[in-house]
1. Within 10 Å of each Cβ of A:46-59, how many other protein chain Cβ atoms are there on average?
2. Roughly what % antiparallel, to the nearest 5, for the DSSP beta bridges in the protein assembly as shown?
3. Please compute the length gained on full extension between residue B:191 and residue B:279, using 0.36 nm multiplied by the number of residues separating them and subtracting their Cα-Cα distance.
4. Looking at the calculated P(r) for region B:58-222, what percent of the C-alpha pair distances fall above 24 Å?
5. Rounded, prolate or oblate: which one fits region B:370-464, using the alpha carbon gyration tensor with axes a ≥ b ≥ c (rounded when a/c is under 1.5, else prolate when a/b beats b/c, else oblate)?
6. Using only Cα atoms, find the angle between the long axis of helix B:227-243 and the longest principal axis of chain B, and express it within 0 to 90 degrees, rounded to the nearest 10.
7. Using just the helices of chain B, give the 222 nm mean residue ellipticity in deg cm²/dmol: DSSP H runs with n ≥ 4 each add -39,500 (n - 2.57), and the total is spread over all residues, rounded to 500.
8. Once you have the Kirkwood Rh of chain B from its Cα pairs, apply Stokes-Einstein at 4 °C and 1.567 mPa s and quote D in µm²/s.
């Protein structure tokens, strides 16, 4: 075996091992990305739920009814006598 | 060990050895042959089957964009939900009773349907669509074989019936069906993503093979509506429609300086979040799609046209005695004989005879041109589905009678939105095209209708309508100078105008010193003793305007009254 052949064999072996490790690395990163993406989706879901909850709770009709019924509030008149 | 011990077996040994070797060699050939077969002849089939078992094509649904009001308050939001389905071939029907109970479905019914689907050889059956994610999670934790879940989106409208006509709604597949959801469907919906992945036994992605399309979320749509004013207008309109047992009603509020639509409400309304109770009558966006005869609310335009001709000013006297005139075969009447009225008085008293005389003097050409500039009889510009096109007779179609009726608002039709748009021209003489999207505000130039001076004088006249002698006193707002015009139009029935069915209209502007808001209120077929625009629509105008001006922090412009001091003294 000449020197050239030995070097070539060595290079083949090294690249083979490197390829395996790169594939493994790629899969690990994919897992990380998958998790992050799932988290992003979960957060987006929660965000839209919260937006919805907030706007439902602060709906003008609801606030109006609560203020009038539970808190006994009323709209001020221009001139009003307080008792 | 020596060879002499078994000399006789040597021949047999060799034969056996060869046989075993041959058998092994044959096996090798068979295995090799099979290998070659698998790698060449059967390769495409096997490859495909392998792909089928590991490679999944995944669709990533795109979120539909939000619709918000001008301050970013959400009006339509898509929220993730779960769709539950079964493969009837894989599922044990008896295991479904638990699932049915948790989802509130009829267990026996569900079982029957799933078994029928199984008999028909189907491998897909919806259990329930758009389930809350938490509930779906609990159902899935039962680990029923053959039960699957897909991610989906559902549209919610937080303001529900208050905004339903303007926003419209989407169907269960998330496609716009009505209103803005339909008009801007493409803009809102975005595009789905799809990719090919390799999945392991547990459903984890271990390799991404290719991305066909990246999911792009839909765009958000920001409207010019102000949810506070929208709610206000809705509440008051609903109250008046109920108290007068009217069949319908609508209200439009515009920014007087820009034409932005601040509130757009219709009655009857519906809750877009509850699809089960939809009916077409309540889904009609009356503020945009309905045409009404504007009645007396057109008179300010006739008077403005007269003043623009240069032959009249606010103090020109018109003789309206004896309270009626005959045009062709029809008598046009006032409520009573008002005698000599100046132009202001014609508006204050809403004299049909007065405006008829003005129109006869001006002629059909100039009336038509003026009304056309004010936007009457033109198609709408919002691009809204079902937007009504007003009707306005051409000059050559107007004989003396038609001309007279047009001058006081009969024989032409407008949508409430168009009427409000026309009234923006009294702000500074220029009609502002309406806009419903914040991004479109001010894109269309305003159209000059009359001089600024005429507009100012007409505003003053409109103020007298709300004053002590006018027909619209109940539209007054304390602390502000407001102006407007009442209108009461007979509804058109099967045999011409109906005697006892009316449309009550009030169109007005506030505050007069520096107009900020235009509001049009229309109540359709009010029942009972009160049916005049000044009795039904004007009070709504007053209530909505008062609170809207306060919310927009408009400075009161009414001259200070000493009533303040009196009350303060009286209260001690």
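Just so you know, all these numbers are worked out from the coordinates, no wet-lab data involved. For clarity, every value in this text was computed on a predicted model and none was experimentally measured. A quick note on method: Cβ atoms are made from the backbone with ideal geometry, for glycine too, and the neighbour counts reach across all protein chains shown.
1. Counting other chains' Cβ atoms within 10 Å and averaging over A:46-59 gives 5.
2. Within the protein assembly as shown, antiparallel bridges account for around 95 percent of the total.
3. Length gained, residue B:191 through residue B:279: 28.6 nm.
4. 50
5. Here region B:370-464 falls in the oblate category.
6. The helix B:227-243 is inclined about 70 degrees to chain B.
7. Helices in chain B give a 222 nm mean residue ellipticity of -11000 deg cm²/dmol.
8. Translational D for this selection: 45 µm²/s.
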